[in-house]
Every structure is written in structure tokens, then in C-alpha cells.
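Take a look at the structure set out below.
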Amino acid sequence: MSIVAVGINHKTAPVAVREKISFNPDNLSIALQELVNSVDCKEAAILSTCNRTELYLVQDGEYTLTQERIVRWLEQHHNVPASTITPSLYWHQDQHAVNHMMRVACGLDSLVLGEPQILGQMKQAYNQAKAAGSMELVMDRLFQRTFGVAKQVRTDTEIGASAVSVAFAAVNLAKHIFASLGKARVLLVGAGETIELVAKHLYENNVGHMTVANRTLSRAENMAKQFGADVITLAQIPEMMASADIVISSTGSTLPIIGKGMVEKALTKRKHRPMFMVDLAVPRDIEEQVSDLEDVFLYTVDDLQSIIAKNLENRRKEAVLAEEIVSDQSSSFMSWLRGLNTQDTVISYRKQCLNNRDQLIEKAMQQLAANKKPEAVIAELATKLTNKFMHAPTSAIQSAAQGGELDRLVYLRDIFNIDQQE
């Protein structure tokens, strides 16, 4: 029994290649069933995200043949030439495959080191494989162990504690300045990806209220609906400024949108209650002179980048501890798997011996019922049982001797305890 992991990710291929072999969640069940049948594997799961597509398999076949079948299946399923796929694929087997899966779940192989979203995506892959019927004992246990490792890494290390995106860093700073975001009123300027990510982080931290200001109201409304936010135009910013405890801006404007005078008027209306302001735009959305005002905490994208650089270094240090946890747990899983293989062999051998015994006992009982002397029946039973159990070992010893396989002879003598019995 062997575990195989094969994939393509942001390190090995550009998005133009990655998108060619991504899987539609709606058709994943069919894809999994096709994969199991085409590759002739026992179990399978598929992880497909914007940054990676990976196949996880449990199979008994020859590894090289399995690789060929996987490439052929990917080629046929996605209608993409193998020459486009193969150069970007990476392959892992057995403990390397287990280790890779655990690293992925912990965010150690992610574009952003330690990001937590991948764990949720792996749980989705697990549920989809369960629903498709392509997961049994080994893959199920592997995913469960992988989830446990990811949880242990989050608990025992600080790999996910430090902000490593400007959006996350901005919200983290706000949390440090305000005792609670539950009563904070936020003004977000812009409706692009960065502001949407800021809104998402604020929403997840149960911020009191959000207002989105944008040049195009329709675009702002589409984003604001997700987070229960209000929408205003850029021209309405001055009248809203006084009620904002937090202002975060990121637009494509070539000139500042928020000037020093606008903020001064807002502070007067606020009776100099402090404001936290973050300018994520390049060029600036907020005039540089705003930082001269008392009661204003103004941070620029450069300020956040220095924080992020420091936090990334902290994550790298924590990643060393995470890698140790992964290594230990992957070794532990492989020990369990080897034990499972041994258990299967022992069960099969015992079943074979018990079947032989039962057949001979049944024949002996028939002889006794036919009034054959018990002594003769017992003697015959003992002889036949001995011959049955001796046949396979004797054949193996004779074969090794005739072939001059001395190492195998020594091995067989050790297995059957021959020297000790002498």
C-alpha cells in the first residue's frame, strides 16, 4: 500500500497553467470517481484552489505506472496536452506525501506563510471525497491526522499570529489602539480588493459600523452588502468624517482625497476625540500634513510594510517549530500505516491457518462418526496439520538452497526459529 501526492502550485506554474487543471466544485464528485477508476487506486481526494491543484491517492500499484496513469487522466479530463502539465507537476510518495499534505494544511507551503484559509479548503476537499465515496480508512485517517497537526501548529506556535498583509495589519493596528472595535465607526474610502479585504477583517472582528465611500456607488454597494455597510459618494466624506473613529483609504486617485483642513474640522466636531487613519494608497489619499495634527494616528503603507516585514520574520522563526511538529506527526502516521499493513498480513495468515485446521477437523469428525479408531484419527490429524504448516516454509527453504540464496536461507532460519530450537 502506498500514498501518493501529486500537484501543481504557485511555485511551479503561472496562473495561465494552473487554471487549465483546476476543478469545478460542482463536478468534483464525478472527477473523483473517474480518477479512482482511471488510475486504479483504492482511495482519492482532490484539493483545488486558486494557488494549487493536488491529488492525493492510496494505491497498491507500481509507482511509475501510477504516475503515467495520472498524467494521462489529467490530460483527458482537462483536455490539456501532457507537455503543458508535466513540467509543472511535483510528486511525493509515502512519508514525503504525508509530510507534504500536513505542510499544506499548516500554511507552510502557501503563498503567504502560515495563512489559515488553506485548512478550510482542505476540509472541503475531505468532505467532497467522503460524499463521492472515494475515501476509506487510510485517507480518512490521514486527513483527520492532518487536521490535528494543523490545530497543534496553531496552538503550539505563533505562525498565524502576526499580520502579513496590509489589510490585516491595518485592522490589527486598530485593535491595538481601540480597546474594542464593537463600538467603533469606520469610514472606508475606495471599493477595490484591498478595501474589501479590510472590510472583511473588520466584519470578522465585529466592528460597530462601516461606511464605504466611493466614486462609483454601484461598485461600493455590491461590496457593502456583504458586510452590512452604508454607502456614500466621495463628495459626502467631509460630512461623515466627524463621526468616524477609524478611516482607511485605498483608491487610485492621483491627488489626495482627504486634506488637513477636512480632518481639522472633523476633530473640532469630535471635541478632539482621537482618530485612527490608515492610507494604503500610492500615491497618497490622505495629505501628509494630517500627521502633524494632534489626536490623529496616521499610518501609511510604508509604515505597515515595515511591520509586515518584521512579522514575516517572526513567522519564519515559528515555521521552524511547525516543521518539527509536521515531521514528527508524519513519522507517527507512517508507523500506524505500517502497522495496518502488518495487521492485514497477520489476519490473512491466521485466516489461512484456521481454514486448514477447520477442514482437517471436519474430516476427522467424519472419520470418528464412521467408527474409525480415535487413536488413528488423532495421529492422521496431527500428521496432516504438520504437513500443511510445513509445506510453505519447506518449499521456500528448498528454493533458496537450490538458488544459492544464502542471505535468504539465513533469513528463513531466523523467521522459523530453527537454530534456537536445535
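Condition test on L108, is it out of contact with any Pro (no Cβ under 9 Å at 6 or more places or on another chain), in a loop (DSSP other than H, G, I, E, B) and under 30 Å from E68 (Cα atoms)?
Taking the combined requirement at face value, the residue satisfies it.
If you check V71, V98, V58, which single one turns out to be in a helix (DSSP H, G or I) and within 21 Å of the chain's Cα centre (by Cα)?
Answer to the selection: V98.
Conditions first: (1) on the phi < 0 side of the Ramachandran plot; (2) modelled with pLDDT under 85; (3) exposed (fewer than 14 other Cβ atoms within 10 Å of the Cβ); (4) small (G, A, S). A382 passes all but one, so which condition is the exception?
(2)
Which of the residues spanning region 20-45 are hydroxyl-bearing (S, T, Y) and either part of a helix (DSSP H, G or I) or closer than 12 Å to A131 by Cα (or both)?
S29, S38
Considering only region 335-362, how many residues are closer than 27 Å to L137 by Cα and surrounded by 16 or more Cβ atoms within 10 Å (Cβ to Cβ)?
1
Just for region 184-204: of the residues that are touching a residue at least 60 places away in the same chain (Cβ under 8 Å) and not in a helix (DSSP H, G or I), which one is nearest to G107 (Cα to Cα)?
Taking the candidates together, the pick is G192.
In the list K271, K317, which residue meets the criterion of being assigned by TED's automatic domain parsing to the domain that holds S249 and among the basic types (K, R)?
Matching residue, one of K271, K317: K271.
State yes or no: is A229 surrounded by 15 or more Cβ atoms within 10 Å (Cβ to Cβ) and over 16 Å from M277 (Cα atoms)?
Criteria met by A229.
If you scan region 141-173, which residues turn out to be within 23 Å of N205 (Cβ to Cβ) and either of a type in the set (D, E, K, R) or not in a helix (DSSP H, G or I) (or both)?
Across region 141-173, the qualifying residues are K151, R154, T157, E158, I159, G160, A161, S162, A163, V164, S165.
Among the candidates L217, L234, single out the residue that is surrounded by 15 or more Cβ atoms within 10 Å (Cβ to Cβ) and modelled with pLDDT under 95.
Answer to the check: L217.
If I filter region 237-259 down to residues being in contact with a Ser or Thr (Cβ under 9 Å, 6 or more places away or on another chain) and not hydrophobic (A, V, I, L, M, F, W, C), which single residue comes out as farthest from P274 (Cα to Cα)?
By that ranking, first place goes to S250.
So how many residues does region 74-86 have that are without any contact (Cβ under 8 Å) to a residue 60 or more places away in the chain and assigned to a helix (DSSP H, G or I)?
Count: 8.
Table: residues versus (1) among the aliphatic types (A, V, I, L, M); (2) under 17 Å from R185 (Cα atoms); (3) loosely packed, with under 13 Cβ neighbours inside 10 Å.
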{"site": "G208", "(1), (2), (3)": "no, yes, no"}
{"site": "V247", "(1), (2), (3)": "yes, yes, no"}
{"site": "G261", "(1), (2), (3)": "no, no, yes"}
{"site": "A266", "(1), (2), (3)": "yes, yes, no"}
{"site": "A281", "(1), (2), (3)": "yes, no, no"}
{"site": "L298", "(1), (2), (3)": "yes, yes, no"}
{"site": "I307", "(1), (2), (3)": "yes, no, no"}
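Would you mind finding the one in H176, H201 that is surrounded by 17 or more Cβ atoms within 10 Å (Cβ to Cβ) and either in contact with a Pro (Cβ under 8 Å, 6 or more places away or on another chain) or outside the structural domain of E34 (by TED's automatic domain parsing) (or both)?
Only one candidate passes the filter, namely H201.
For region 329-358, give me the residue count where each residue is of a type outside the set (K, R) and touching a helix residue (DSSP H, G or I) at 6+ places or on another chain (Cβ under 9 Å).
11
The values are calculated or read from the model by the stated rules, or taken from the named source; none is laboratory data. In this text, all values refer to a predicted model and were calculated from it rather than measured experimentally. Cβ atoms come from the backbone with ideal geometry, glycine included; neighbour counts cover every protein chain shown.
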